[in-house]
Amino acid sequence: MSRTFKKDPDAELDFMVDWADWLEPMADTIASVAWIPDTGLTVGATAMTTTTATAFISGGTAGDTLNVVCRVTTAGGRTDDRTITINIVNR
């Protein structure tokens, strides 16, 4: 599943992935999160709860379309990814 957002090259914005719909049927929770950005993006401060992952993302050049992967590992040993696509536009 990929979601697409717009971001100004100078903006540092928070992006959140909600994993609850995937986790709750298995009664599982997030144990760790890794954010994997395309070259040109920078991941700053991050946070997580048992069902969400949040990262502040900056960078990019106007006209770029870049991805950031949010990879979670659960308490039950599962690993999965969600991709956020960011269109870099002057705003």
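Structure summary
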{"quantity": "Among residues of segment 1-36, those that are surrounded by 12 or more Cβ atoms within 10 Å (Cβ to Cβ), farther than 22 Å from Gly60 by Cα and more than 16 Å from the chain's Cα centre (by Cα), counted", "calculated": "3"}
{"quantity": "Residues of segment 22-38 classified as of a type in the set (Ser, Thr, Tyr) and outside any strand (DSSP E or B), total", "calculated": "1"}
{"quantity": "Residues within segment 75-91 that are under 16 Å from the mean Cα position of the chain (by Cα) and in contact (Cβ under 8 Å) with a residue 24 or more places away in the chain, tallied", "calculated": "8"}
{"quantity": "Residue within segment 45-61 that is farther than 15 Å from Thr79 by Cα, exposed (fewer than 12 other Cβ atoms within 10 Å of the Cβ) and among the polar types (S, T, N, Q) present", "calculated": "yes"}
{"quantity": "Residue match in segment 48-65 (condition: more than 12 Å from the chain's Cα centre (by Cα), outside any strand (DSSP E or B) and without any contact (Cβ under 8 Å) to a residue 12 or more places away in the chain)", "calculated": "no"}
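Here, each number is a calculation from the coordinates, and none is a lab measurement. On a predicted model such as this, the values are computed, not experimentally measured, just so you know. Don't worry about glycine lacking a Cβ; one is built from the backbone with ideal geometry, like all the others, and counts go over all protein chains shown.
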